[in-house]
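K.L.:
Take a look at this one; I'll ask things after.
Read the figures in this text as sums done on the coordinates, not as results from a lab. Computed from a prediction, not measured in an experiment: that's the story for all the values here. Neighbour counts run over all protein chains shown; Cβ positions are idealised from the backbone, glycine included.
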Amino acid sequence: MCQTLESMEPEPMPVNLPDHSGVAFPPPFLYAIPLAAGLLLHWAHPIVLMPRGAAVPLGVLLVALGLALVGFAMGSFFRARTSPIPIKPTTAIVETGPYRFTRNPMYVGLAALYLGVTLWVDSLWPVLFLPIALFTIQRFVIAREERYLEAKFGDQYRGYKARVRRWI
């Protein structure tokens, strides 16, 4: 009988560790704060990226794609009956939907949304702050989530990590 990763039982967590990733700050805010700072700078000292006729449609497209990817990823979590909230226990490794292509489609979607808003507004400033958001997500969110998932699911998660890229 063939089992999917969602249906396999997780390895028991070591007794001294909490059953969550330890990420207390909501990851979307780690994108929103640098974006807001960039938009405030744009308001005070605008520097455009490209001609408005190209920036706005491209920005709208990226906003739509980012929202769609985040929604698709959230739906995959709910179908697997596990929580996308990092301070709640994870009950399954989700490998369906966008998780077949990236281990972090929500963060990829939020990055696309960030870039989309940046282009829509046509501002250089938020682009300059995007590396800060990506570094913070990588170092303080993804690294913690990966340690947690490896401790909880062991070889099951290590196999998934070997097959699917972290970003894209």
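K.L.:
Through the Karplus equation 6.51 cos²θ - 1.76 cosθ + 1.60, θ set to phi - 60°, convert the phi angles of region 115-130 into ³J(HN,Hα) values in whole Hz; use x for Gly and Pro.
P.N.:
Whole-Hz 3J(HN,Hα) from phi for region 115-130: 5, x, 5, 4, 6, 4, 7, 6, 10, 6, 3, x, 4, 5, 8, 4.
K.L.:
Can you work out D for region 32-163 in µm² s⁻¹ from Stokes-Einstein, where Rh is the Kirkwood radius over C-alpha pairs, the temperature is 37 °C and the viscosity is 0.692 mPa s? Intermediate results must be reported in sequence, preceding the final value.
P.N.:
Details: Rh = 16.1 Å.
So the translational diffusion coefficient is about 204 µm²/s.
K.L.:
Exposure proxy check: Val94, Val56 ranked by fewest other beta carbons within 10 Å?
P.N.:
The most exposed by this proxy come first: Val56, Val94.
K.L.:
Convert each backbone phi in region 44-49 into a coupling constant with the Karplus relation 6.51 cos²θ - 1.76 cosθ + 1.60 (shift: θ = phi - 60°), then list the ³J(HN,Hα) values in order as whole Hz, x for Gly and Pro.
P.N.:
Working through the residues one at a time gives 7, 9, x, 9, 7, 8 Hz.
K.L.:
In a shell of Cβ-Cβ distance under 13 Å around Phe101, excluding Phe101 itself, what net charge do Lys and Arg (+1) and Asp and Glu (-1) give?
P.N.:
So the environment of Phe101 carries a net charge of +4.
K.L.:
For every other residue with a beta carbon closer than 12 angstrom to the beta carbon of Phe72, add +1 if it is Lys or Arg and -1 if Asp or Glu, then tell me the sum. Don't skip to the end; give the middle numbers.
P.N.:
On the way: positive: Arg79, Arg100; negative: none.
Summing Lys/Arg as +1 and Asp/Glu as -1 gives +2.
K.L.:
For the chain, what's the relative contact order in percent, using C-alpha pairs closer than 8 Å and at least 6 residues apart?
P.N.:
Relative contact order, the chain: 39 percent.
K.L.:
If you don't mind, there's one more thing I want to ask. For region 63-79, just list the computed ³J(HN,Hα) in residue order, Karplus coefficients 6.51, -1.76 and 1.60, θ = phi - 60°, integers in Hz, with x standing in for Gly and Pro.
P.N.:
Per-residue couplings from phi come out as 4, 5, 5, x, 5, 5, 5, 4, x, 4, 5, 4, x, 5, 5, 5, 5 Hz.
K.L.:
Could I ask something else about it? Kindly put Thr90, Thr96, Thr118 in sequence by how many other C-beta atoms sit within 10 Å of each C-beta, fewest to most.
P.N.:
Values: Thr90 23, Thr96 14, Thr118 26.
Ranking Thr90, Thr96, Thr118 by Cβ neighbours within 10 Å, fewest first, gives Thr96, Thr90, Thr118.
K.L.:
Moving to a separate point now. Calculated FRET efficiency, Ala162 and Ala68, Cβ-Cβ r, R0 35 Å, to nearest 0.05?
P.N.:
Efficiency, rounded to the nearest 0.05: 0.80.
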